[in-house]
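As structure tokens, the structure follows; a few thoughts come after it.
The values are calculated or read from the model by the stated rules, or taken from the named source; none is laboratory data. Owing to the predicted nature of the structure, the values given are computational and were not obtained by experimental measurement. Cβ: placed from backbone, ideal geometry, glycine included. Neighbour counts: every protein chain shown. Surface accessibility is based on the protein's heavy atoms, side chains included, excluding ligands, DNA and RNA. Shrake-Rupley method; radii C 1.70, N 1.55, O 1.52, S 1.80 Å.
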Amino acid sequence: AVARLDAVVGSGVTGQVIAQRLGEGTRLLARVDGLAPGEYGFHVVDAVACAAVPGAPTFDTRDRPHGGPLAPAEARRPGDLGNLRIRHRAPVGRYDRIVPDLPFDRALGLAVVVRAGLDDLHTQPLGNAGPAVACGLIEVE
């Protein structure tokens, strides 16, 4: 499955996220272009359209708080992917992580979002990462 990331409100940020079934979880591989060096929140959002992203929480199957991807499962949501890190020498963001508690079948149709700023990994509900700068829906090709 693939999510083609399109720019939100003229941000110029684009990319692609590949979602692969891996056991009961999902492997996410992303390439994101158009960001300045820094760190940017990266989320799977419980929305089935990018227009619904502003008010949507990160994907969750139980009532858990927002957290970082390396936190214990009870201390984060499956949609909390952490941050994309853009380096000065490589202006392309790359992400490759297995999300064991993000069921592939549930991920289909959800939105993947790149945020305008750093996800602090603890502020509720979205890590104080700002508005979306790119968004795409995970769809079977």
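Data table
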quantity	calculated
Potential extension, GLU74-VAL9 segment - 0.36 nm per residue separation minus Cα distance	20.0 nm
Net charge of Cβ neighbours under 10 Å - reference GLY38; Lys, Arg +1; Asp, Glu -1	+1
For peptides 26-38, 102-114, 123-135, sequence by mean Cβ density within 10 Å, most packed first	102-114, 123-135, 26-38
Chain lengthening between THR123 and ILE18 when straightened (0.36 nm per residue, less Cα-Cα)	35.1 nm
Distance-filtered residues of region 21-47 - backbone nitrogen under 18 Å, label point 7 angstrom along ARG94 Cα→Cβ	27-40
Mean residue ellipticity (222 nm) of the chain, computed from DSSP H runs ≥ 4 via -39,500 (n - 2.57), nearest 500	-500 deg cm²/dmol
Gain on full stretching of the segment that runs from VAL48 to ARG106 - 0.36 nm per residue minus C-alpha separation	19.8 nm
Summed side-chain charge close to ARG94 - residues other than ARG94 whose Cβ falls under 11 Å, Lys, Arg +1, Asp, Glu -1	+2
Surface accessible to a 1.4 Å probe, per residue, for the residues of region 1-99, Å²	51
